[in-house]
Amino acid sequence: MIMNTVKALQSSAIVLAIVFVASSASHSRIGFDKYHNHKEMTQYLIEITEEFPNISSLYSIGNSVLKRELWAVKLTTATELLGVPNIKIVGNIHGNEPVGREIILHLIQYLLDNNSKNEAIKNLLQTTVIHLLPSMNPDGFEMSRPLPCPNDGMHFSGSRNNANTYDLNRNFPDKFNPHTNPLQPETKAMIEWLKSVPFVMSLSLHGGALVANFPYDGSPDSIPGKLQKLNETLKIVDVFELYEIFRNGSNFNYDSKDWESLTPDDDVFRFLAKQYADLHPTMHNGLSCEEDYLKFKDGITNGAAWYQIIGSMQDYNYVWHGCMEITLEMSCCKYPPATLLEPHWKDHLKPLLTWMRQAQRGIKGIVTNRITGNPIPNAMVSLTDRENYVNTTVNGEYWKILLSGVYKLRVKAIGYHEKIVRVKVPEIPKDQDPQPQLVNIQLEPTKKRTIGDSSSTASTYYYNAASIIIVIIIRMTYFMVL
């Protein structure tokens, strides 16, 4: 009797354990039936990263105005991180544009589940460090709700801005038109993140249109810049009134080509944007979300040619950190019903996976001291015919995304002679993933000693100085005797 009871209890315990494990596993998965609030998103991210501790880690880059964590998930299976590029995808910078937020949550799930099943995903995680931040504006999201969406990509609902009513995509330092808006907590967190991780590529996920947008968003001759200067004089609160005064007082004419503001890496940006649009089922058609509104050729646009803004995140990424960020408008409806999330996910999955593999395109290497072999941090790496540059990391690493062709690579650092080398980037067959050309650079120190030189060199210096002093003292003594 007792024995049967014990066996029954043991069997029950086994069943309960199996149910518990299955229940735990299912809790770390999400569906497409709803949008997930901050509490639900946090719980999901904790559970799924705990389930895959060797591949993923959860961390916060900072807090929102209302002290919500800005969660990021780091994914990689690379065992040696030297030379491995970092990329990031950021969602929900505008609170009422959450499609990208949900797509990132599902992308985390997809990559973790398929690492052991899919060779392409396995290779991606072995060669790349992927950082996924679902929501940059969790406060704005919590203040927004889905609404029936008309065929109007610019239909506004809920809170686009953060809890301080600032548009975070107008809040970054600007190359062309410096602004005086106070940097918001979310903006500061993003800036510090970019300083701490050498990101090579980035995506910012938006909603309200269907297009891949690339820098620059701003321009030295931008309309927002002119409006800003005009307002400094007129002090007009009503933006629309200010705009009418500007239009009536200037030779205003709109042609998107005339308003383009192109980066030195325009060829690469257009390639990345067009590749994404081509792989999306409809984005490449270039159809507008509104009838008789602006059409986007090939589903891509230069930011300033579409509409110029001051303080954009993609411009800041590129200008200040050399990070190739493009802005993806993922859905005509800013905040569509949850029933449309799965179709959007299916439309964007292949373009997203292909985009991530482009971090291996072009060249990479390590810059070192030719004498000591030590890495040189903060060396400037650029192309001779392009004005922008990237800085090497503390380990001397650099990455530069390039299309096929022949380039002259210029490398310079304080205390070293500048070096220019010829680099050939081969054509990549369409059926093959890109592979970076390894171009390591050794710089020759100038005569002036550098901080990176060895202690033995410093000892030699002090020894020589002491010898000179002794000689001077001996000569002075000699002449005093005379």
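The values are calculated or read from the model by the stated rules, or taken from the named source; none is laboratory data. Note that this is a predicted model, so its numbers are computed, not measured. Cβ coordinates were reconstructed from backbone atoms using ideal geometry, including for glycine residues, and neighbour counts include every protein chain displayed. Heavy atoms of the whole protein, side chains included, go into the accessibility calculation; ligands, DNA and RNA do not. Shrake-Rupley method; radii C 1.70, N 1.55, O 1.52, S 1.80 Å.
Taking all protein chains into account, the per residue accessible area for the range 21-126 stands at 41 Å² (1.4 Å probe). For the listed peptides 58-65, 90-97, 273-280, a ranking on the average number of other beta carbons within 10 Å per residue, highest first, reads 90-97, 273-280, 58-65.
Toward the positive end of the charge dipole of the range 274-424, with +1 on the Cβ of Lys and Arg and -1 on the Cβ of Asp and Glu, the farthest Cα among 339, 312, 403 is that of 403. Accessible area per residue for the range 310-436 is 44 Å², calculated with a 1.4 Å probe on protein heavy atoms, without ligands, DNA or RNA. Note on residue 447 and residue 403: their simple-model spin labels are 4.6 nm apart, each label 7 Å out from Cα toward Cβ. Each Lys and Arg contributes +1 and each Asp and Glu -1, all at the Cβ; summed about the Cα centre of the range 76-135, the dipole is approximately 20 debye. Taking a ≥ b ≥ c as the square roots of the eigenvalues of the alpha carbon gyration tensor, the range 34-172 is prolate, as a/c is not under 1.5 and a/b beats b/c. For the range 375-434, the relative contact order comes to 30 percent (Cα pairs under 8 Å, sequence separation of at least 6). Given 74/408; 67/195; 34/117, which pairs have Cα atoms separated by over 31 Å? Pairs exceeding 31 Å: 74/408. In percent, rounded to a whole number, the relative contact order of the range 263-329 is 24, using alpha-carbon pairs under 8 Å and six or more apart.
Of the residues 77, 169, 106, the one whose Cα sits farthest towards the positive end of the charge dipole of the range 72-176 is 77 (charges of +1 on Lys and Arg Cβ, -1 on Asp and Glu Cβ, taken about the Cα centre).
Once a ≥ b ≥ c are taken as the square roots of the eigenvalues of the Cα gyration tensor of the range 263-315, is the result rounded (a/c under 1.5), prolate (a/b larger than b/c) or oblate (a/b not larger than b/c)? Taking the square roots of the gyration eigenvalues as a ≥ b ≥ c, the range 263-315 is oblate. With a threshold of 20 Å on the Cα-Cα distance, the over-threshold entries among 122/274; 400/447; 295/334; 188/350 are 122/274; 400/447; 188/350.
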